[in-house]
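Please treat every number below as a calculation from the coordinates, not as lab data. These numbers were taken from a predicted model, which means no experiment stands behind them. No Cβ is skipped: glycine too gets one built from the backbone with ideal geometry, and neighbour counts run over all protein chains shown.
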Amino acid sequence: MLQSKLFYKTDKNKSSDVESVSHDLLTRAGYVDQLMAGVYSFLPLGFRVLKNIEGIIRKNMVEAPANGQEILMPSLTPKENWVKTDRWENFDVLFKLKGAGDKDVALAPTHEEVVVPLAKKIVFSYKDLPISVFQFQNKFRNELRAKSGILRTREFLMKDLYSLHATQEDFEKYYDKMKKVYLSVFKQMGIKAYVTLASGGSFSKYSHEYQMVAEAGEDTIYICQKCKLAINKEIKEENPTCPECKGGDFEEKKAVEVGNIFSLGTKFSAPFDLKFRDKDGSEKPVIMGCYGIGLGRTMGAVVEANHDDKGIIWPREVAPFLAHLIPVGQDKKVLKLAEKLYTDLQKEDIEILYDERQDKTAGEKFADADLLGIPYRIVVSEKTLLKNSVELKERAKSAVRLVKIKEFIKIIKNG
RNA sequence: CGGGGUGUUGUGUAAUGGUAGCACGAAUCGUUUGGGACGAUUUAGUCAGAGUUCGAAUCUCUGCACCCCGACCA
């Protein structure tokens, strides 16, 4: 991608309105744009990060043991489904609006009210179970107070997976596997997330949160120093020792909740009368679980945990580009080499942002590069050309090294 | 939803009842080019409405918007 053509704009000035680091950096670096409180556009850079996060999640949801099938459910949902589950009046953040013919509809904040009636048309027999479906879809929650940039918004992209089971035992086996899948998903993104035991709230028996340690987080978690399980505040108040290993030494941390998995039991299958016919001919209710990850929030949390005073430092797994190619100076040979490298890198399937702007000085290009936070910076100049090399710098490190032109592609690829 | 704060060119700010100015950005030209270059010219603004006043960015009221604290949070 040519940087001069990229649909974005960096800004030196910190906005006076902005408090959280991720909001400030993502806005200034041109990843996101705020339309209104709690509502954001994702520009090409931000969209690429979002798509990378989505790709990692999708792969893990499709593969065993999750075995999910991807679907897409609507945002507009009828009132009667929410009345059935008693959530039309009791779900505080539900966006309600009037459809044609004065019909009441809701913008879905979650999709049990859609997926359960859907499953009712497909799942009839024990042979149809277990089954898992998932989607990436915008959720709407009319939060009384949106805050911290993209960490808490009113419209946000979420991956939600719903699993349906014939028995509680089968559900629990699946849930335990998903617990590990989730941990692995965040690891694959280059993120350290803690499994956090949480109470289930009013709609489930129990749940686990995935918390990423960051100062800007809204949550406080307590990490057991012995087994590394974390617990949230409610659990801490009920249990003086770790529920897992009975250890008593906890480290208190601020954290951002990036994912959450729930045991739903028959909370939703019951009101919709979602049943199946078992082997012995008896009718039984379907047992359910649900598993969510907030993509935008994950992106914000990554920035909260990975930045310095100059800008963002993306883990390579989610970075919008792998390398940032920057020619310095006006020398024709340098520019020609940069063009060639740009072509070569693309041939090697390396996602590359090429800062070919000729009206910008080196200092400004470097400052932009630091702000954008692409993992590898490749500088070519008269100086490096003399040595048949390029200058390679990792955003996360301060060291700069000269690498032979023939070799640096290999180095970038292998990390 | 309770409380607090703030609204001035695209962005950041100044003007404390009396000429709306500065910096960045953007545009044109020239000189520059390894850590946010320089000169010249240009561009663009008082959130909306009402009121007080000879005169309002400034004071008052209403509305709207955004931010922060709290409460809430599948």
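A few comments on the model shown:
- Gain upon complete extension [residue A:169, residue A:282; 0.36 nm per residue less C-alpha separation]: 38.9 nm
- From the alpha carbon centroid of the stretch A:49-102 to that of the stretch A:175-195 is 22 Å.
- Relative to the 2.2 N^0.38 Å rule of thumb, the stretch A:259-376 has a C-alpha radius of gyration ratio of 1.90.
- Tensor-based shape of the stretch A:323-414 (alpha-carbon gyration tensor, a/c under 1.5 rounded, otherwise prolate or oblate): rounded
- Amide H within-cut-off set for residue A:264, under 5 Å, with H built and near neighbours excluded: A:288, A:289, A:290
- Gyration tensor verdict on the stretch A:307-349 (Cα atoms; rounded if a/c is under 1.5, prolate if a/b is larger than b/c, oblate otherwise): oblate
- Contact order, relative form, for chain A: 15 percent (alpha carbon pairs under 8 Å, 6 or more residues apart, mean separation divided by residue count).
- The amide H of residue A:70, built 1.01 Å from its N in the peptide plane, has A:134 as neighbours under 5 Å, considering only residues 5 or more places off or on other chains.
- Annotation: extensible slack from residue A:252 through residue A:98 equals 50.9 nm (criterion: 0.36 nm per residue apart, minus Cα-Cα distance).
- Pairwise centroid distance, computed over Cα atoms, of the stretch A:136-168 with the stretch A:366-395, Å: 39 Å
- Anisotropy class of the stretch A:1-114 from Cα gyration tensor, a/c 1.5 cut: oblate
- Lys, Arg +1 and Asp, Glu -1 on Cβ, resulting dipole of the stretch A:294-379 about Cα centre, debye, nearest 20: 240 debye
- In order along the stretch A:243-253, the Karplus-derived 3J(HN,Hα) couplings, from 6.51 cos²θ - 1.76 cosθ + 1.60 at θ = phi - 60°, round to x, 8, 10, 6, x, x, 9, 10, 9, 8, 9 Hz, and Gly and Pro are given as x.
- Rounded to whole Hz, the Karplus (6.51, -1.76, 1.60) HN-Hα couplings of the stretch A:66-79, x for glycine and proline: 5, 6, x, 10, 7, 9, 9, 9, x, 8, 7, 9, x, 4
- Residue order, fewest to most surrounding Cβ atoms within 10 angstrom, among A:297, A:357, A:48: A:357, A:48, A:297
- What you get for chain A, charging only the Cβ of Lys and Arg (+1) and of Asp and Glu (-1), is a dipole of about 1260 debye around the Cα centre.
- Spin-label zone in the stretch A:353-388 - amide nitrogen under 11 Å from a point set 7 Å from the Cα of residue A:399 along the C-beta vector: none
- Each 20 Å bin from zero up to the one holding the largest Cα-Cα distance in chain A carries the following percent of pairs: 24, 49, 23, 4, 0.
- Relative contact order of the stretch A:273-415, pairs being alpha-carbon contacts under 8 Å that are 6 or more residues apart, as %: 22 percent
- Stretched out straight at 0.36 nm per residue, the stretch from residue A:69 to residue A:47 would grow longer than its current Cα-Cα span by 5.6 nm.
- Cross-link reach list, aspartates and glutamates versus residue A:267, counting only Cα pairs under 19 Å and skipping chain neighbours closer than eight places: A:80, A:86, A:89, A:92, A:112, A:113, A:160, A:169, A:170, A:172, A:283
- Cβ distances below 4.7 Å define possible disulfide partners, and in chain A the cysteines left without one are A:290.
- Checking every one of the chymotrypsin sites (Phe, Trp or Tyr not before Pro) in the stretch A:113-146 against DSSP loop status and a limit of 16 other Cβ atoms within 10 Å picks out A:124.
- Per-residue ³J(HN,Hα) for the stretch A:166-172, Karplus 6.51 cos²θ - 1.76 cosθ + 1.60, θ = phi - 60°, Hz, x for Gly and Pro: 7, 9, 4, 5, 5, 4, 5
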